[in-house]
Amino acid sequence: MPKGKGKRLSEDQRIEIIAKLTKRDAPSNRAIAREYNVTENSIRSLWNNRHAIEKRSLLMTEEAMLNTS
């Protein structure tokens, strides 16, 4: 399935959004979407895929640490 033509979030932004959504007093998907200039559906999709995003981010961090050693 082709991806949309809209703005792409960086990996850091994705992790940042997941952290915001995890908080007890999390802002709405709509508020976060406006803040990052993406669609509300993008935020929903990100939340639904958060485990894969977190895993990928962790692997990237570990790989970076190995490359600097």
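The values are calculated or read from the model by the stated rules, or taken from the named source; none is laboratory data. Please read all numbers here as calculations on a predicted model, not as lab measurements. Here the Cβ is made from the backbone with ideal geometry for all residues, glycine too, and neighbour counts use every protein chain on show. Accessible surface areas use protein heavy atoms only, side chains included; no ligands, DNA or RNA. Shrake-Rupley method; radii C 1.70, N 1.55, O 1.52, S 1.80 Å.
Its Cα centre serving as origin, the chain has a Cβ charge dipole (Lys and Arg +1, Asp and Glu -1) of approximately 400 debye. Extension gain for residue 60-residue 22 works out to 11.5 nm (0.36 nm per residue, less the C-alpha to C-alpha distance).
The Stokes-Einstein estimate for the chain, based on a Kirkwood radius over Cα pairs and taken at 20 °C with 1.002 mPa s viscosity, is a diffusion coefficient of 163 µm²/s.
On the accessible surface of the chain, probed at 1.4 Å, how many percent belong to carbon and sulfur atoms?
52
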